[in-house]
Amino acid sequence: MTETPRRRIDIVLAPDFVDGLGSLSLDELRDRRELVDGVETELSFYRRLLHGRMDLLDFERRRRSGEETRTLIEALPEILTGGDHTGGGMGRQIRGGFAPDLEFGPGKRKIDQVLEDGFLANLPSIGDEELGAIRDTLVEAEREISERRRGVHGVHDRLQGEITGRYTDVPS
């Protein structure tokens, strides 16, 4: 029986990923930290995409209620650059290859389902109730990603602490 390969997010968040850090070589610690950095970057990227979608929906809701008089196209540059929803983050540079293993359900990753629904193209024909339901789905996906991202930050902190400790414990 062959073992099913685990997703990177599952590997990083598994309790045994940080067990026995003291017995690992510095190179092994750095390799694990690099894996964690990649997963965190991917989670941050998707989180920013979700926040962008939520900002677009919020604008449309304000436009429909009369609080906003501009069209979506007129406001788009401001929407896409306005507001800081990215949080503190870990200060990492974004790299290519964004395909996180964030599978939430059968067949398709939930994040893909949420981001591929094409609601922007159909925005004018979507009713207010459905608009709210779409936003709720985005909020829930963002909540799940943020929760996983916090876990990844904890793993990063443990690895970084071990690496830093190795440098500070070196006898002079």
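The slack between ASP58 and ILE73, meaning 0.36 nm per residue of separation minus the straight C-alpha distance, is 4.0 nm. Taking label positions 7 Å along the Cα-Cβ direction at both SER23 and ARG7, the computed distance is 2.9 nm, reported to one decimal. Less than 5 angstrom separates the built amide H of GLU68 from those of ARG63, all sequence-distant by 5 or more or on a different chain.
All of the numbers you see were taken from the coordinates with simple rules; none came from a lab. Just so it is clear, the model here is predicted, and its values are computed rather than measured. Don't worry about glycine lacking a Cβ; one is built from the backbone with ideal geometry, like all the others, and counts go over all protein chains shown.
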